[in-house]
Amino acid sequence: MKRMTDAHCIFCRIVAGEIPAERVFEDEHCLAFRDLHPQAPVHLLVIPKEHIASHAHAAADHTPLLGHLMAAVASLARSERLDRGYRVVGNTGPDGGQTVDHLHLHLLGGRAMGWPPG
Ligand code: AMP
């Protein structure tokens, strides 16, 4: 399997097990773990194991992987019992508020969310 990693990337280091995280799901392509600074009762990060710097850096051949991440989010929302709904966030680039340069989806739930986001 093709797997590109960045030794300086904190999320690649979590994938590699070099930095601890509360892992809740993992398969060949993705990893989900609890956010260190949760913004809701349930706050998971779902990331590809392959290093992709952001959503904007995803290539055409990442399309199945992007779908896989979204399917993983739906499955995790079920296992986290987010029956009343949830929010999926993909901060991208400086204006998007991205702080870790490894593509990730936030799964937030367990409380009502406001709109518009900040
Ligand atoms: P973003 O601001 O969208 O790039 O999201 C990055 C998220 O990663 C933030 O919500 C951080 O709290 C979270 N985060 C950073 N380092 C860690 C870590 N070591 N373990 C778990 N979550 C982390």
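No value in this document is a laboratory result; all are computed from the given coordinates. Treat the numbers as computed from the prediction; the structure is a model and nothing was measured. Positions of Cβ are generated from backbone atoms using ideal geometry, with glycine treated the same way; all protein chains shown enter the neighbour counts.
Points 7 angstrom from Cα along the Cβ direction at residue 115 and residue 78: gap in nanometres?
2.5
So what's the angle, to the nearest 10 degrees on a 0 to 90 scale, between helix 63-79 and the longest Cα principal axis of the chain?
40
Using Cα-only point scatterers and the Debye equation, what is log10 of I(q)/I(0) for the chain at each q in 0.22 Å⁻¹, rounded to two decimals?
Evaluating at q = 0.22 Å⁻¹ gives log10 I(q)/I(0) of -1.41.
With charges only on Cβ, +1 for K and R and -1 for D and E, what is the dipole size of the chain about its Cα centre, in debye, rounded to 20?
Around 340 debye, computed over the chain.
Which loop GluC sites (Glu not before Pro) in region 1-83, with loop taken from DSSP, have no more than 14 other Cβ atoms within 10 angstrom of their Cβ?
Working: sites: 18, 22, 26, 28, 50, 80; in loops: 18, 22, 28, 50, 80.
The qualifying sites are 18, 22, 28.
So for the pair residue 8, residue 57, with labels modelled 7 Å out along Cα→Cβ, what separation do we get in nm?
1.1
Using label points projected 7 Å from each Cα along Cα→Cβ, tell me how many nm separate residue 25 and residue 39, to one decimal.
2.0
Which of 41, 20, 94 ends up with the largest GNM mean-square fluctuation for the chain, with Cα atoms connected below 10 Å?
Top of the fluctuation ranking is 94.
Mind checking which of 62, 104, 51 has the largest fluctuation in a GNM of the chain, springs on alpha carbons under 10 Å?
Maximum among the listed residues: 62.
Local charge sum around residue 53 (other residues, Cβ-Cβ under 10 Å, Lys/Arg +1, Asp/Glu -1)?
Result for the local shell: -2.
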